Amino acid sequence: MAEALTSQEELAVEEFLTELRNREQHSVVMVSQSTAVKFLMARKFDVSRAIDLFQAYKNTRLKEGIFNINPDEEPLRSELLSGKFTVLPGRDSKGAALALFTARHHRPDITTHKAVLQAIIYQLDKAIESIQTQRDGLVFIYDMTNSTYGNFDYELCVKILNLLKGAFPARLKCVFIVSSPLWFRAPFAVLRLFVREKLRERVCTVKAHELADHIPMESLPEHLGGCSQYNHIAWIQACVNSSQGELQEGVDRDCVGTLLSSYCLDQTPPADGLNSNCADDDSNANLHNHCQRQDRTSTGSDLARDPPHHGHWNGGVQGALGVGAGEGDAAKGSGECGGSPNANRNGRGRQPPPQSDTPPDTPVNHKHGGGILGGGGAAKSRLSQSPALSSLSSSPGRGLELSVHMPEPGGMAVKELVQHVKRSRKKGIYQEYEEIRKEPPSGTFHCSKKPQNQIKNRYSDVLCLDQSRVKLSPLNDDEDETSDYINASFMDGYKRSNAYIATQGPLPKTFGDFWRMVWEQMVLIIVMTTRVVERGRVKCGQYWPLEAGRSEEHGHFLVKNSHIEMFQDFKLSHLELCNCETGERREVAHYLYMSWPDFGVPKSASAMLDFRAQVKQHQEAAFRAMSANWTGPPGGPPVVVHCSAGIGRTGTFCTLDICLSRLEDIGTVDVKQTVWRMRTQRAFSIQTWDQYYFCYMAVIEYAQRRGLLAPVEWSDSDLETDSE
């Protein structure tokens, strides 16, 4: 029996349906009252927030092409059989339902995001038929035990969390991450950051045996420290049976599925081809898989314990409870399908994908199964290759475009920063840097190591991480299969994805590639922190015309130095870049910082702070002038930053910019985390301990200049170190 609504709640339901009808511009209500109640209950009957939740849910399914969910069809049938996602029969101590995603059963190489999300949405739709789940919410357990890099899929994790956090009609109470050694390794830094930013206090990382401290043992599977012997196949059978029963009883189908299908049937085919997933007029019968009844009080556990005895969905004729007999591990919670032949075959006689605890050894960046940056960073790089695609990165809720440098708890206020430096002294700060330096690179360098590309690298030991490298548009050159390569990496800024391109000082053989990158990324500013020659050694090629009025041709581009402005510590060359193939012209500002000493780092950060301020001001002004033609992220095109190798002074400049931007925004700084995260995108950024120490002192000097900090008196003991 459904819970009776108060008069105020009934008014909220009517307001929700009326508002939705007006927004969707349908002549009839396309969402049932029971569906409206689910979204309203998830947002405590706040109509505005419930409407936003519904729109987010609808948009998620439209974006992923999930209009019609039919468990009888592949690949969804195999996904459901895999057991990688299930709703457990028990609840937590406060009544929340328990959903379990078992990472070791996921094989990115043999499934798709759409199929996995279909399986999750299908099961969660059934779970929230329970009034108790609607009221008490859902706990999500992400089990990483015994998983490998080959099981990991960053993009999928982001999609699941976005769905659960802000696009599903049930409150997410908590996410428990059952950790493995992988979780604490550098490649997972971006996901950890994303999870913390997305969920804040709702995430808890635990070891398997520690889950019992948070969730009753009788509700947890044995392999997670509990004593529940859940039966995933019985749960899926119950889901299918409940849908069939609703059809037989003539219960109204869930109108969300009908609404989504109507977008395909009533509109012209969208440009992105999503209509290929549309349901046709004869397929509406399959929408019973979305059926939700408000008067149903059974939970996921009730369905699994006492399901109706229909013909077995997986090809047999036994009752759902009979499926578990003799299934061994499946009955004990492994989620693998064993036992009778029918339990392992679908109605068409096709085997579900193999689910192995020890999948083939997969490289960090192989397909979707790589480390964190192997998924997210690569996707970000691909999206950034052209202005037309880069507009995707400004879409709300796209976790892939989150910067690794986001505002978050922690860090130090400037007074705490001073005390930290005084307490640690130089020796302690150096040791802090050493902890970062010892961390191995968070990815692979396969592309940089290709023989054809090695000659394009200035230094043989300074390479690009595959997942974050800038990819040039390939040339129509049969003799060069690696024409998309340049030793350059996308790096995030504060609250901005792909704010910088960190690159090496161009070589004569790569001048054309460099200007091709500047053109394709619509770069407005180039920051050069080295001189062409230092201490008699060539640090960078003369890739731009040195004298005003002079022009040079590099590849398909003509570069003209229009005029030069001289400042005390840097030189600004106003360049005109012409695409000889199209005739189009653009202005690019080239900043050459000349006050970095031949040895070590500047004794004062004053000149560097002035330089950074000038660059930021010019970037903002240039972006305002061209913003009408920009379709990418709100921050505008990336700033190209380079020194000789593209890691030392380049990393110092970017670290300082990120730290000061955060200080200006939330009043705290975290130098260590900033450098550590930066190195996940451009390996070995901040090359020496004195560059790292300089970042601390520069922040303190900036705070003093801005009046945030009184002048600091340093004693000799504060600055001394055993290395001196």
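The values are calculated or read from the model by the stated rules, or taken from the named source; none is laboratory data. From a predicted model like this one, the values you see are computed outputs, not experimental measurements. Heads up, the Cβs are rebuilt from the backbone with ideal geometry, glycines too, and the neighbour counts pull from every protein chain shown.
What the table below lists for this structure:
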| quantity | calculated |
| --- | --- |
| Selection from region 203-220 of residues that are of a type outside the set (A, V, I, L, M) and within 14 Å of Val139 (Cα to Cα) | Cys204, Thr205, His214, Pro216, Ser219 |
| Residue in region 418-440 that is touching a residue at least 12 places away in the same chain (Cβ under 8 Å), on the phi < 0 side of the Ramachandran plot and part of a loop (DSSP other than H, G, I, E, B) present | yes |
| Those residues of region 452-471 which are in a loop (DSSP other than H, G, I, E, B), within 19 Å of the chain's Cα centre (by Cα) and closer than 13 Å to Thr482 by Cα, in sequence order | none |
| Residues satisfying the stated conditions in region 152-162, i.e. part of a helix (DSSP H, G or I) and touching a Leu at 6+ places or on another chain (Cβ under 9 Å) | Tyr154, Glu155, Leu156, Cys157, Val158, Lys159, Ile160, Leu161 |
| Positions within region 45-54 being touching a helix residue (DSSP H, G or I) at 6+ places or on another chain (Cβ under 8 Å) and part of a helix (DSSP H, G or I), in sequence order | Val47, Ala50, Ile51, Leu53, Phe54 |
| Region 599-621 residues that are in contact (Cβ under 8 Å) with a residue 40 or more places away in the chain, paired with ones that are of a type in the set (Val, Ile, Thr) and crowded, with 17+ Cβ neighbours inside 10 Å (beta carbon under 8 Å, 6 or more apart) | Val601/Thr652; Val615/Ile525; Val615/Val527; Val615/Val639; His618/Ile525; Gln619/Ile525; Gln619/Val639 |
| 3 or more residues touching a strand residue (DSSP E or B) at 6+ places or on another chain (Cβ under 7 Å), under 23 Å from Ala625 (Cα atoms) and touching a residue at least 24 places away in the same chain (Cβ under 8 Å): qualifying strands (runs of 3 or more DSSP E) within region 483-532 | 496-503, 525-528 |
| Check on Met626, touching a residue at least 60 places away in the same chain (Cβ under 8 Å), of a type outside the set (S, T, N, Q) and surrounded by fewer than 22 Cβ atoms within 10 Å (Cβ to Cβ) | yes |
| Extreme residue, nearest to the chain's Cα centre (by Cα), among residues of region 15-29 that are surrounded by 13 or more Cβ atoms within 10 Å (Cβ to Cβ) and either modelled with pLDDT under 65 or over 22 Å from Ala170 (Cβ atoms) (or both) | Glu24 |
| Residue match in region 34-56 (condition: under 30 Å from Asn151 (Cβ atoms) and either touching a Leu at 6+ places or on another chain (Cβ under 7 Å) or of a type in the set (Gly, Ala, Ser) (or both)) | yes |
| Residue that is farthest from the chain's Cα centre (by Cα) [pool: residues in region 556-582 that are surrounded by 15 or more Cβ atoms within 10 Å (Cβ to Cβ) and not in a strand (DSSP E or B)] | Phe567 |
| Enumeration of residues in region 81-123 that are among the aliphatic types (A, V, I, L, M) and either closer than 20 Å to Ser228 by Cα or without any contact (Cβ under 8 Å) to a residue 40 or more places away in the chain (or both) | Leu81, Val87, Leu88, Ala96, Ala97, Leu98, Ala99, Leu100, Ala103 |
| First in region 147-169 and in contact (Cβ under 8 Å) with a residue 12 or more places away in the chain and more than 18 Å from Leu53 (Cα to Cα), second anywhere and among the basic types (Lys, Arg) and part of a helix (DSSP H, G or I), Cβ under 8 Å, 6 or more apart | Ser147/Arg104; Thr148/Arg104; Asn151/Arg104 |
